[in-house]
């Protein structure tokens, strides 16, 4: 029977009280051992020992110069944090987004440090601890208590404190893994049962759901994922539930991770380490989550110096972390806070940034809304705001996600990075960002003329088909950042294919013409590419495009397929995709100029399913398709 169930049996005396009665005192007696000037470690977040905190606050007038050391500053529902900040000096290692305003100026005492390095500060004495106030389960038959929902840095704090005072709470879930401490390592026990603190994590907004959808598309089956407790993280399970054999390795186990486990998407069978286990170091959530992890062998809780160690993370193959940022510059640097764009909770993921970038198949995904301050500020900026806290350098980020799309930065030049980020910025800021990128010499001044042509396609325009040879080809709109891929496509075409496409013998397609191909507005012109996956991203094997004919409600259409991919139906599929977009825009049909000897193209147009009219003029055949 679980500790929680036993706690609900009225009148039952816990078996351990008699055995350890010499260690048991009241909350007031326990706090009476604390002296003015002491440094007191306070159990983390939802594991905060509330009975001890209340007793500590009652003695506040007697405890001058008391310093509270703790892992995370919470706002509601941990309202006692506000009162603690009013009476004592708080020294948090991590500040949750927005908590600065609720703790009365404790930001200056915030100690920036990697989570995995905090135990070293305790052990070395650089951050000495006189007293540790923690919360544990009642002892088991082996005289071991579990640290429950807050393993994190609590064990290290206890090991390095002069005095350990533990609130023994039978409503604390007994988590498994490396969460146990011998009762003899505790100096004072306070028997007090009460509900644990709960955090109602945010309900995702539509923008956050859009970000989550874009991020989930980048997470392949079999990945091991880690994400936080913000709105985007809460939305991720909806878009990951169709994935297969995901694993979890995260600092925080939240209700979102519990929901993802419930869908069956998480099995952990492909994890390199801790196969079949959901690994974390603390819980942030509700009673439902606490009941889920209680005595549950699927969940493995370990201290932060193990869970958040970049070396440990780097050994996890296909490790993916989804982190939220407040601001990003055009070089690819990430800030967790900004004087203009507010704060995000990415500071807690710095260990994962370093670990994931070194993992085999690792993916660092950064998500951010395109705008802040009621739409008056862009979160993508030419340079970071003054005082911004950088948590990831331009060398570490793989993917950047906004509600307008995805930018891949790995291995990209400054110009390629800037253009990729501008293309997923909010439309009202793209022109300004382009001009600023030119001023900073990130982008060639030759490209200033494309300012009005930086657009992002509607999000629904993505389809795929399986060829007769079993290959999967994905079709999507052409992106601003596809210039290099388009150049590779044209360089791979045979002379005959180039001749059929451009109706002229040309040795190569000039770069300027390729640039004109990728800068489209998705209104008067549209381009769709067919791509296949490659080790370094994707390869374009086909492209189709239409241009609105001035003064007419028709568009001119053309497409080309790489030689070795011809004859598999890709051209017909491209035509169908383009026609679907054109019809939705209210166009009446397509026109095409085709060389009479280009039998394959003529066959595709003839079999389109639309009314076809053909007119031969010399060596050229004019074709019209009526929708």
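Values quoted throughout were computed directly from the atomic coordinates according to the rules given, and no laboratory measurement underlies them. Quick caveat: nothing in here was measured; it's all calculated off a predicted structure. Note that we place each Cβ from the backbone using ideal geometry, even for glycine, and neighbour counts take in every protein chain shown.
Sort 541-550, 362-371 for me by packing, meaning the mean count of neighbouring Cβ atoms within 10 Å per residue, highest on top.
Ranked by mean Cβ neighbours within 10 Å, highest first: 362-371, 541-550.
How much length is gained if the chain between residue 124 and residue 599 is pulled fully straight, taking 0.36 nm per residue apart and subtracting their Cα-Cα distance, in nm to one decimal?
163.2 nm
Which FRET efficiency, nearest 0.05, do residue 218 and residue 86 yield, Cβ-Cβ r, R0 45 Å?
0.55
Sticking with the crude label model, points 7 Å out along Cα→Cβ, report the distance from residue 35 to residue 360 in nm, one decimal please.
5.5
Go from 0 up to the bin containing the longest alpha carbon distance in the stretch 195-244, width 5 Å each, and give me the % of pairs per bin.
Answer for the stretch 195-244: a P(r) of 4, 21, 29, 20, 12, 8, 4, 1 percent.
What shape does the stretch 565-627 take by its C-alpha gyration tensor, where a ≥ b ≥ c are the square roots of the eigenvalues and a/c under 1.5 counts as rounded, a/b above b/c as prolate, and the rest as oblate?
oblate
Angle between the Cα long axis of helix 570-584 and the longest principal axis of the chain, 0 to 90 degrees, nearest 10?
80
Can you compute the helix-only [θ] at 222 nm over the chain? Use -39500 (n - 2.57) per DSSP H run of at least 4 residues, normalise by all residues, nearest 500 deg cm²/dmol.
Taken over the chain, the calculation gives -7000 deg cm²/dmol.
Which whole-angstrom value gives the distance between the alpha carbon centres of the stretch 243-311 and the stretch 400-422?
What the calculation gives is 31 Å, centre to centre.
What's the exposure ranking of 16, 565, going from fewest to most Cβ atoms within 10 Å?
In order of increasing Cβ crowding within 10 Å: 565, 16.
Report, in degrees rounded to the nearest 10, the 0 to 90 angle that the Cα long axis of helix 427-439 makes with the longest principal axis of the chain.
Approximately 90 degrees, to the nearest 10.
Using a simple spin-label model with points 7 Å from Cα along the Cα→Cβ vector, what separation in nm is obtained for residue 287 and residue 241?
Distance between label points: 2.4 nm.
Please say if the stretch 206-453 is rounded, prolate or oblate, where rounded means a/c under 1.5 for a ≥ b ≥ c the square roots of the C-alpha gyration tensor eigenvalues, and otherwise the choice is prolate for a/b larger than b/c and oblate otherwise?
prolate
Specify the inter-centroid distance of the stretch 540-608 and the stretch 173-194, based on alpha-carbon positions, in whole Å.
69
By how many degrees, between 0 and 90 and to the nearest 10, does the Cα long axis of helix 231-240 differ from the longest principal axis of the chain?
60
Going by a ≥ b ≥ c, the root eigenvalues of the Cα gyration tensor, does the stretch 463-626 fall in the rounded group (a/c under 1.5), the prolate group (a/b larger than b/c) or the oblate group?
Note, shape of the stretch 463-626 comes out rounded.
Fewest to most neighbouring Cβ within 10 Å: what's the order for 283, 300?
300, 283
If you work out Cα extents along the principal axes in Å from the coordinates, which of (1) 105, 84, 45; (2) 75, 68, 58; (3) 106, 50, 38 do you get?
(3)
How large is the Rg to Rh ratio of the stretch 220-367 when both quantities use alpha carbon positions and Rh follows Kirkwood?
Taking Rg over the Kirkwood Rh, I get 0.96.
Ranked from highest to lowest mean number of other Cβ atoms within 10 Å per residue, what is the order of the peptides 469-477, 188-196?
Averaged packing, sorted descending, gives the order 188-196, 469-477.
With both bridge residues required to lie in the chain, what share of the DSSP beta bridges run antiparallel, to the nearest 5%?
Approximately 50 percent, going by the DSSP bridge assignments.
Highest first, please rank the peptides 204-216, 427-439 by the mean number of other Cβ atoms sitting within 10 Å of their residues.
Top to bottom by mean Cβ count within 10 Å: 204-216, 427-439.
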